[in-house]
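K.L.:
Just dropping this structure here.
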Amino acid sequence: MNDKIARVTSWRRALLGRLLPNGCALCGGDSDEALCGGCAAQFFGPAAAVARCPRCANPLPATENSGSALTFGHGPNSTPGSGPPFLHDLGSSLCGKCLAEPPAFDRTLVAADYVLPVDQLVLQLKFGHRLALAPLCARLLRDAVLSHPDYTLPALLCPVPLGPRRLAERGYNQALEIARPLARSMGVPLHARLAVRVHDTAAQSSVTPERRRQNIAGAFVVPDAALVAGRHIGVVDDVMTSGQTLNELAATLKRHGAACVSNLVFARTPPH
Ligand SMILES: [Zn+2]
Ligand SMILES: [Zn+2]
């Protein structure tokens, strides 16, 4: 019974939080910030941090955590944001999947796992038209990125583009909505149409895992290769699940000469 009352109270607070601009976006409690201190610490603070594969951001088993010194920067003579990545010792900290089949991207940084209740932020942003949550996602993602001192910021950010039909249906690209404040707060230029999706594909979530690579193949083009050539490109997205979309985009950017590609993604779906 107490559980039921607690649930109803929490729903009421969450509902109030949606109506009142100052409520915490996760628990609905009183907060001057978009996220209350308790939720920030519980879901995004150092206590919530997990050791992840630097390349795909999947959690690493405890035995793979020992080499925590990560390892993605630039050589001593290279200019930040350009030139080939300096990937020393990265191999020792990669997950088995990335070792067996290296993806086209070089690095992935995320703010959280895509699980309850954090997924609600994305679902409300994406399907509930709560665009005001984008700056919150961007701030949490920026904090996660800056918590990796080894990581060299990209020269240019680009959002994962939506296809024309999905963009028309939704009216905005949630990845771009996150990328804008993220770019501003990190001082990195953003190019909204660095990559373009040339045809609409079925939502990756609606396709079986075996068909996801095929579903997304050839979906992207880079209209101006000169913007990409020799540079470190940061790709921004809201959620990473199988990683096939990000892999296809990174492969496209590399075909156009990108020196390295890192994914800056708000939330990562954990492996089953
Ligand atoms: Zn809260
Ligand atoms: Zn990995």
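K.L.:
Beta carbons within 10 angstrom, averaged per residue: use that to sort the peptides 120-130, 200-210, 235-245, 38-48, highest first.
P.N.:
By packing density, highest mean first, the sequence is 235-245, 120-130, 38-48, 200-210.
K.L.:
Report the relative contact order of segment 162-208, percent, no decimals, based on alpha-carbon pairs under 8 angstrom and at least 6 residues apart.
P.N.:
Result for segment 162-208 is 57 percent.
K.L.:
Further question on the same structure: When the accessible area of segment 52-268 is computed with all protein chains present and a 1.4 Å probe, what percentage of it is carbon and sulfur?
P.N.:
Taking all protein chains in place, segment 52-268 shows 56 percent carbon and sulfur surface.
K.L.:
What shape does segment 142-246 have by the C-alpha gyration tensor, where a ≥ b ≥ c are the square roots of the eigenvalues, rounded means a/c under 1.5, and otherwise prolate means a/b greater than b/c and oblate the rest?
P.N.:
Here segment 142-246 falls in the prolate category.
K.L.:
What nm value, rounded to one decimal, do you get for the distance between ARG166 and HIS272 when each label is placed 7 Å out toward the C-beta?
P.N.:
So the two model labels end up 2.2 nm from each other.
K.L.:
Something else: Accessible area per residue for segment 52-268 in Å², computed with a 1.4 Å probe and the full protein assembly in place, what is it?
P.N.:
Per residue, segment 52-268 has an accessible area of 42 Å².
K.L.:
Would you calculate the separation in nanometres between label points at ARG193 and ALA217, each defined as 7 Å from the Cα along the Cα-to-beta-carbon direction?
P.N.:
Calculated label separation equals 2.9 nm.
K.L.:
Additional query: So, taking all protein chains as they sit and a 1.4 Å probe, how much accessible area belongs to LEU35, in Å² rounded to tens?
P.N.:
Rounded to the nearest 10, the figure is 10 Å².
K.L.:
Right, another one. Measuring from the lowest to the highest alpha carbon on each principal axis, how far does segment 52-268 reach, largest first, in angstroms?
P.N.:
Principal extents (largest minus smallest coordinate, Cα): 46, 40, 36 Å.
K.L.:
Given an 8 Å cut-off on Cα distances and at least 6 residues of separation, report the relative contact order of segment 144-272 as a percent.
P.N.:
28 percent
K.L.:
Would you tell me the accessible area of LYS97, worked out with a 1.4 angstrom probe on the heavy atoms of the protein chains, in Å² to the nearest 10?
P.N.:
Approximately 150 Å² for this residue.
K.L.:
With each pseudo-label sitting 7 Å past Cα toward Cβ, what's the ASP119-ALA132 distance in nm, one decimal?
P.N.:
Computed distance between label sites ASP119 and ALA132 equals 2.5 nm.
K.L.:
Summing Lys, Arg as +1 and Asp, Glu as -1, what charge do residues with Cβ under 11 Å from the Cβ of GLY163 carry, GLY163 excluded?
P.N.:
That works out to +2.
K.L.:
On to the next question. Using only the heavy atoms of the protein chains and a 1.4 Å probe, how would VAL145, VAL198 rank by accessible area, largest first?
P.N.:
From most exposed to least exposed: VAL198, VAL145.
K.L.:
Can you give the local net charge around LEU227? Use residues other than it whose beta-carbon is closer than 15 angstrom to its beta-carbon, Lys and Arg +1, Asp and Glu -1.
P.N.:
+3
The values are calculated or read from the model by the stated rules, or taken from the named source; none is laboratory data. Since this is a predicted model, take the numbers as computed values, not measurements. All Cβ positions, even for glycine, are placed from backbone atoms using ideal geometry, and neighbour counts span all protein chains on display. In case anyone asks, the SASA skips ligands and DNA or RNA and just uses the protein heavy atoms, side chains included. Shrake-Rupley method; radii C 1.70, N 1.55, O 1.52, S 1.80 Å.
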